[in-house]
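A short worksheet on the structure shown next.
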Amino acid sequence: MEYAKKTGWIEVICGSMFSGKTEELIRRMRRVQFAQRSLAIFKPKIDTRYSVEEVVSHDAKSIKSITVSCSAEILEHTLAGGVEVIGIDEAQFLDNGIIEVAQTLANQGVRVIIAGLDTDFRGIPFGPMPYLMAIAEYVTKEHAICVHCGDLANHSHRLTKSDKIVELGEKDIYEPVCRHCFNKLRKKNAD
Ligand code: ZN
C-alpha cells in the first residue's frame, strides 16, 4: 500500500509495573480500530503471562497480538502487511534492533506505539527503552501508586532475592513503589 505523506512517528508509553502502560496501549489501539486503520500489535516471545496470542492488561482487557522472537520480525510483518499503525508491548525485552526498526517504520509513514518498563528492578534503564524514549516524538510516563506510602510510584520493587534482570512475575514478585520507599527498601535489602 501507499502511505500518505507526512504520517509516521514514534510514541512511547513507559512506567513501572502496574502503572497502566498496557491499558493505555490498548486504549490507543482501540481508537485506531474505530478509525478503521490497519493495525498490528507485537510482543516479544519472553512475555508469556496470561496468553500467548493476545496483549492482556492487568484489568484483563485484551486485543490480538503477534508474538515475535526478534525485532526484525516486526519490520517484516508490518511492511508485508501494509500496516498503518503498530503497537509493541513489553518492548524492554526486545533486542536493540528495535531502535532501527522503529525509525525505519516511522520514516516510512507508520505510527509506532511502544509500551514498556522504563527501568528494571534495580532502577536502571531497561534494554532499548531509554533509546526509544530519546528518539520518540511523544513520551508518556504512567505511574502506579506506591504500596508503602500512597505517593506516585515509578519503580518496580522486586520482592524475591533473584538477581536476574528478567524475572517474570506479577504482584507475587513485584510491587510498585515511589523513589523514597524504593531507596529505603534497596538499602534494607543490601544490609
Ligand atoms: Zn512510597
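Points to keep in mind about this one:
- Subset tally (residues that are loosely packed, with under 14 Cβ neighbours inside 10 Å, touching a residue at least 12 places away in the same chain (Cβ under 8 Å) and of a type in the set (S, T, N, Q)) for the stretch 154-172: 1
- Here is the figure for the stretch 135-151: residues that are in contact with a helix residue (DSSP H, G or I) (Cβ under 9 Å, 6 or more places away or on another chain) and farther than 16 Å from Asp89 by Cα total 7.
- Subset of the stretch 88-117 (residues that are over 9 Å from the mean Cα position of the chain (by Cα) and of a type in the set (Gly, Ala, Ser)): Gly97, Ala102, Ala106, Gly109
- Any hit, the stretch 39-53, residues being in contact with a helix residue (DSSP H, G or I) (Cβ under 7 Å, 6 or more places away or on another chain), modelled with pLDDT of 80 or more and open to solvent by 20 Å² or more (accessible area, probe 1.4 Å): yes
- Subset of the stretch 65-81 [within 15 Å of the chain's Cα centre (by Cα) and either among the hydroxyl-bearing types (Ser, Thr, Tyr) or buried (at least 19 other Cβ atoms within 10 Å of the Cβ) (or both)]: Ser65, Thr67, Val68, Ser71, Ile74
- Remark: pairs (first residue in the stretch 110-121, of a type in the set (S, T, N, Q); second residue surrounded by fewer than 24 Cβ atoms within 10 Å (Cβ to Cβ); Cβ separation under 7 Å; 6+ apart in sequence or on different chains) = Thr119/Pro125; Thr119/Phe126.
- A count restricted to the stretch 126-144 and to residues that are touching a Phe, Trp or Tyr at 6+ places or on another chain (Cβ under 9 Å) and either buried (at least 19 other Cβ atoms within 10 Å of the Cβ) or free of Cβ contacts under 8 Å to residues at least 60 places away in the same chain (or both) stands at 4.
The values are calculated or read from the model by the stated rules, or taken from the named source; none is laboratory data. As the structure is a computational prediction, the values presented were derived from the model and not from experiment. Every residue, glycine among them, receives a Cβ derived from its backbone with ideal geometry; neighbour counts consider all protein chains shown. Side chains are part of the model used for accessible areas, which takes the heavy atoms of the whole protein and leaves out ligands, DNA and RNA. Shrake-Rupley method; radii C 1.70, N 1.55, O 1.52, S 1.80 Å.
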